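Values in this text are rule-based calculations from the coordinates and carry no lab data. Please read these numbers as outputs of a predicted model, since none were measured by experiment. Note that each Cβ is placed from the backbone with ideal geometry, even for glycine, and that neighbours are counted across all protein chains shown.
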Number of protein chains: 2
Amino acid sequence: MSIVVVGSVGLDSVKTPFGAVKKVLGGSASYFSYAAGLFSQVNLIATVGDDFPKKYIKLFNQKNIMLDGLSQAPGKTFSWSGQYGWDMADPRTISTELGVFADFRPKLPIQYEKSKYIFLANIDPELQKSILKQVKRKKSKIIGCDTMDFWIKNKKKELLDLLKDIDIFFINESEARQLTQEPNLLKAARAILKFGPKKIFIKRGEHGVLLVSGKHLFTAPAYLMESVVDPTGAGDTFAGGVMGYLAMTKSKTIDTLRKAAIYGTIMATFAVEDFSLGSLEKVTSAKVKKRIKKFKKLVLF
Amino acid sequence: MSIVVVGSVGLDSVKTPFGAVKKVLGGSASYFSYAAGLFSQVNLIATVGDDFPKKYIKLFNQKNIMLDGLSQAPGKTFSWSGQYGWDMADPRTISTELGVFADFRPKLPIQYEKSKYIFLANIDPELQKSILKQVKRKKSKIIGCDTMDFWIKNKKKELLDLLKDIDIFFINESEARQLTQEPNLLKAARAILKFGPKKIFIKRGEHGVLLVSGKHLFTAPAYLMESVVDPTGAGDTFAGGVMGYLAMTKSKTIDTLRKAAIYGTIMATFAVEDFSLGSLEKVTSAKVKKRIKKFKKLVLF
């Protein structure tokens, strides 16, 4: 089953205690697509400027990523610049330049209208909504969605409106608390379920993940890593692993969702062990399976 | 197998967003003993003042806790007063009154000298060391030890000296980083192993636990709780569950250690769901087994 994803494709400049990169491939939809593409075909909807390096287009083409929905507009590609401290927690944003993204009006190619799996990567909730409106709504469709603190703060009303139509919502631990004003995470998750989503994955970074779906609860620790080089895109990659696995298995049972959380966890480890999509580019199914096996050993009791 | 524990027995005054208590039973050795006592006989070494309520002595007596090593001295019982914020993270200490604890010179009753399991609960590393000197050292003995940020800051040399003789070291996540000046947790754990301990449990509070032993790694998430009333003593209770389970099973294989981590995790949930030892007092083996079963469901994939 193929997955439609709408989100940002951009050029990141990142500094961490372990190095720095400039104008490298980034963006929520890029990370998502690389991870999901390992499991299912990905139909990418995004926009880039005329400065977007051709080598990245080529890289997308080499993966399982269809580019009928990727528009190239005159102007600059969306770019983000940020810096991480030693704790590798939330980065400090140095600059955000919207470029062509400012005029992005995402358009669903007609051949994608029937797609069963849709993922609204982290962008303005109004843009997320506009894609949702173009999708032929059916009960059988699975709509996933991510967001960030900026939208919770500045477009909360639009976000809450969007959440009514979401099946699987991905959100950070601190953002879950921010959105609900509830310090207890389990209570925060339950409060978010009341906004509409049927299932929530709460991403806890180096502390793992929590899945809440009705009365079902699942929690998994993160994979222990001796070296985290750049955490950028970990959450988008997690979502890519989850949605990709769901689309591949065509299942949405609670057992599949638990396994999907583990696949998401493992995909995220590849995102953070190098800058940009450096390590994700080289990921193979065999590498993922090997790491899943190691993870099972790590958590067995 | 019985366990000898040396540590503090005190009177706590605690304020959390959910209530407040004054001069209730607390102290590292109290929490440890209640938890370990569910699995094995506990031989408590501590001191209290002449103001120590008789009802608490009676409560210890009702449990599996031997009091031959509990001295009562003229003066006030050790007391701690602290306050937790909404995040229920590290409390703000309002006051610490050492009372009779200032002159505490722990003495191992002769009948405990051969004990195979020893736990040095969180007190001054020099006092911990003094008990260790009184124990007849044999390779077969299992020496567990806990500490806190205060001793890492003020008695690091003494602590590092003590660690040479420790089998199982219990430490908080932030303290592990503090002790080693290493932000990566796995690297911090490996650095601590070089100080001497054969195994380390890194306590991560609401984020679970990490066990590192040579090349063996194990990580478990915390049990999700909808309501945490008072986190005081969670770490001591965790250690009590671990050491108690090890003493009960008389095993120290890596599989037993993993299971012990889960028992510690579950015991800690009883510590935090009420003030003081309110919930631990009422814990039964059946309640623990039930919660372990629920935990397995929570983490299965």
- [ ] Only bridges with both residues in the stretch A:112-218 count here: give the DSSP antiparallel percent, nearest 5.
- [x] 35
Task: Cross-link pairs A:Lys54/A:Lys259; A:Lys203/B:Lys155; B:Lys114/B:Lys290; B:Lys23/B:Lys58; A:Lys259/B:Lys294; B:Lys164/B:Lys203 - those with Cα-Cα distance over 26 Å - done: A:Lys54/A:Lys259; A:Lys203/B:Lys155; B:Lys114/B:Lys290
TODO: Add +1 for every Lys or Arg and -1 for every Asp or Glu among the other residues with Cβ under 15 Å from the Cβ of B:Gln181, and state the total.
DONE: +1
Open item on the list: With Kirkwood's inverse mean 1/r over C-alpha pairs for Rh, give me the Rg to Rh ratio of chain B, two decimals please.
Closed with: 0.93
TODO: Only Cα pairs under 8 Å and at least 6 apart count here; give the relative contact order of the stretch A:20-145 as a rounded whole percent.
DONE: 21
Task: Neighbourhood charge, 12 Å Cβ-Cβ cut-off, centred on B:Phe270 and excluding it, Lys, Arg +1 and Asp, Glu -1 - done: 0
Open item on the list: Can you compute log10 of I(q)/I(0) for the protein assembly as shown with the Debye formula, treating each Cα as one identical point scatterer, at q = 0.07, 0.08, 0.09, 0.12 Å⁻¹?
Closed with: -0.47, -0.60, -0.73, -1.12
- [ ] Would you mind telling me which residue in A:Asp149, A:Asp103, A:Asp124 has the biggest mean-square fluctuation in a Gaussian network model of chain A, where springs connect alpha carbons within a distance under 10 angstrom?
- [x] A:Asp103
TODO: Can you list which of the trypsin sites (Lys or Arg not before Pro) found in the stretch A:161-243 are DSSP loop residues with at most 10 other C-beta atoms within 10 Å?
DONE: A:Lys164, A:Lys194, A:Lys215
Open item on the list: With the label 7 angstrom out along Cα to Cβ, how close does B:Phe18 come to the same site in each of the other copies, in nm, nearest first?
Closed with: 3.8
Task: Paramagnetic reach from A:Ile292 (point 7 Å along Cα→Cβ, amide N under 16 Å) across the stretch A:232-246 - done: A:238-246
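Rounded to the nearest 5, what is the percent of antiparallel bridges among the DSSP beta bridges in the protein assembly as shown?
Roughly 40 percent of the DSSP beta bridges within the protein assembly as shown come out antiparallel.
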- [ ] Compute the Cα gyration tensor for the stretch A:77-210, then decide on rounded, prolate or oblate, letting a ≥ b ≥ c be the square roots of its eigenvalues: rounded whenever a/c is under 1.5, prolate when a/b is larger than b/c in the other cases, and oblate in all that remain.
- [x] oblate
Task: Rough spin-label spacing in nm, given labels placed 7 Å along Cα→Cβ, for B:Trp86 and B:Lys156 - done: 3.5
TODO: From zero up to wherever the largest Cα-Cα distance of the stretch B:195-273 sits, split into 5 Å bins and tell me the percent of pairs in each.
DONE: 3, 16, 28, 25, 16, 8, 4, 0
Open item on the list: Let me confirm one metric for peptide B:215-224, namely the mean number of other chain beta-carbon atoms within 10 Å of its residues' beta-carbons.
Closed with: 6
Task: Calculated FRET efficiency for the pair B:Lys136/B:Ile94, C-beta based, R₀ 41 Å, to 0.05 - done: 0.50
- [ ] List the aspartates and glutamates whose Cα lies under 16 Å from the Cα of B:Lys198, skipping any in the same chain that are fewer than 8 positions away.
- [x] B:Asp146, B:Asp161, B:Asp165, B:Asp167, B:Asp255
Task: 5 angstrom amide H check on B:Asp274, placed H, neighbours 5+ away - done: B:Val229, B:Asp230, B:Ser279
Task: Other-copy label distances relative to A:Met1, 7 angstrom Cα-Cβ extension, nm - done: 5.2
- [ ] Just add up the charged neighbours of B:His207: K/R +1, D/E -1, any other residue whose Cβ is under 9 Å from the Cβ of B:His207.
- [x] -1
